[in-house]
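Below is one structure, written out as structure tokens; comments come after it.
Readers should treat all values here as calculations from the given coordinates under stated rules, not as data from a laboratory. Here the structure is a predicted model, which is why all the values come from computation and not from measurement. When we count neighbours, we look across all protein chains shown, and the Cβ atoms used for this are built from the backbone with ideal geometry, even at glycine.
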Amino acid sequence: MSTTVAIDGPSGAGKSTIGHALAQRIDATFVDTGLMYRALTLAALERDVDLDDGPALATLVDACPIEVERARPDQTDRLETVLLDGRDVTLEVRSPRVDRAVSAVSRHPEVRDAMVGVQRAAAWRGSVVMVGRDIGTVILPEATMKVFLTADAEVRAARRANEMGRPDRVDEYLEEIRRRDAADSGRAVAPLRIPPGALVLDTGKLAVDACVEAIIEALERLDA
């Protein structure tokens with residue numbers, strides 16, 4: 001029987017790290033929906049589609065199929081493989097030009113609506129751990145388990161600065177995170193919310209392994 005785990009939370013809460021570790025433990029495919037939006041953004045940039053044109057961006061969802069596959073054992077540079085119209089774009093979607101444009105693309109209601117089917121399709125192929133900001137509330141409301149990861153903004157900013165090797169930019173990252181939190185929670189379409197019945201974990205207080213164990217224990221209780 002397939003298991004679906006929906007993990008939501010704000011930027012920097014550790015969704016990808018914990019989600020991927022959990023997927024390995026339960027033999028599931030890991031899907032970061034943020035990378036799917038990045039793939040769509042890459043398609044828009046390559047085709048010179050106006051980033052302010054929501055309907056035009058939404059049509060790219062059908063024109064340029066986006067898929068997620070498990071990374072091969074030799075692909076140590078990634079947690080998953082993202083395909084754009086059959087082409088491996090896993091590394092390209094993390095480029096600076098995509099970084100600068102992805103928020104403009106993902107903010108459109110037409111784009112988010114078009115991406116729902118793509119994201120759900122990724123969960124129909126077997127057990128999956130899917131991470132994002134509206135997975136348990138919109139994409140997979142019937143998920144086997146819903147998890148919401150959180151941490152103080154200061155903790156997330158320090159984590160980001162450490163990851164980037166820029167401890168001198170903690171204040172800058174903190175301001176960026178606060179702006180992102182406000183945008184994610186305040187948007188009209190699929191705002192960031194704690195899904196009903198979700199297991200809430202504070203990653204500022206719990207290590208990755210402890211979070212994974214807590215989720216697995218909760219899954220086991222469901223099966224009991």
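Name the single residue, out of those in the range 169-188 being more than 17 Å from residue 155 (Cβ to Cβ) and touching a helix residue (DSSP H, G or I) at 6+ places or on another chain (Cβ under 8 Å), that is surrounded by the fewest Cβ atoms within 10 Å (Cβ to Cβ). Only one residue fits best here, namely 188. Residue count for the range 18-41 satisfying the condition of being in contact with a helix residue (DSSP H, G or I) (Cβ under 9 Å, 6 or more places away or on another chain) and of a type in the set (Asp, Glu): 1. Keeping to the range 189-209, report how many residues are surrounded by 12 or more Cβ atoms within 10 Å (Cβ to Cβ) and either among the hydroxyl-bearing types (Ser, Thr, Tyr) or farther than 22 Å from residue 17 by Cα (or both). Residues in the range 189-209 being surrounded by 12 or more Cβ atoms within 10 Å (Cβ to Cβ) and either among the hydroxyl-bearing types (Ser, Thr, Tyr) or farther than 22 Å from residue 17 by Cα (or both): 4 in total. Taken over the range 181-224, the criterion of being over 19 Å from the mean Cα position of the chain (by Cα), free of Cβ contacts under 8 Å to residues at least 60 places away in the same chain and in a helix (DSSP H, G or I) is satisfied by 210, 213, 214, 217, 220, 221, 223.
Looking only at residues in the range 47-70 that are part of a loop (DSSP other than H, G, I, E, B) and within 21 Å of the chain's Cα centre (by Cα), the one that is nearest to residue 121 (Cα to Cα) is 65.
If you go through the range 90-115 and keep only what is under 14 Å from residue 35 (Cα atoms), without any contact (Cβ under 8 Å) to a residue 60 or more places away in the chain and aliphatic (A, V, I, L, M), you end up with 91, 93. On the basis of being without any contact (Cβ under 8 Å) to a residue 60 or more places away in the chain and within 12 Å of residue 31 (Cα to Cα), does residue 121 make the cut? Judged against the criteria, residue 121 is a match. Selection within the range 17-36: residues that are among the hydroxyl-bearing types (Ser, Thr, Tyr) and in a helix (DSSP H, G or I). The member of this set that is farthest from the chain's Cα centre (by Cα) is 17.
Of all residues being under 22 Å from residue 28 (Cβ atoms) and in contact with a helix residue (DSSP H, G or I) (Cβ under 9 Å, 6 or more places away or on another chain) in the range 142-163, which is surrounded by the fewest Cβ atoms within 10 Å (Cβ to Cβ)? Just the residue, please. Checking each candidate, the answer is 144.
Here is a list: 13, 43, 39. Which entry is in contact with a Leu (Cβ under 6 Å, 6 or more places away or on another chain), part of a loop (DSSP other than H, G, I, E, B), crowded, with 17+ Cβ neighbours inside 10 Å and among the hydrophobic types (A, V, I, L, M, F, W, C)?
It is 13.
Applying the criterion of being touching a residue at least 40 places away in the same chain (Cβ under 8 Å) and in a loop (DSSP other than H, G, I, E, B) to the residues of the range 71-89, the residue that is farthest from the chain's Cα centre (by Cα) is 85.
Identify the residue in the range 90-124 that is of a type in the set (Ser, Thr, Tyr) and part of a helix (DSSP H, G or I) and, among all such residues, is nearest to residue 4 (Cα to Cα).
Going through the range 90-124, the residues of a type in the set (Ser, Thr, Tyr) turn out to be 90, 95, 103, 106.
Then drop every residue that is not part of a helix (DSSP H, G or I), which leaves 103, 106.
On the way: 103: 27, 106: 24 Å.
Filtering the range 90-124 for residues that are of a type in the set (Ser, Thr, Tyr) and part of a helix (DSSP H, G or I), the one nearest to residue 4 (Cα to Cα) comes out as 106.
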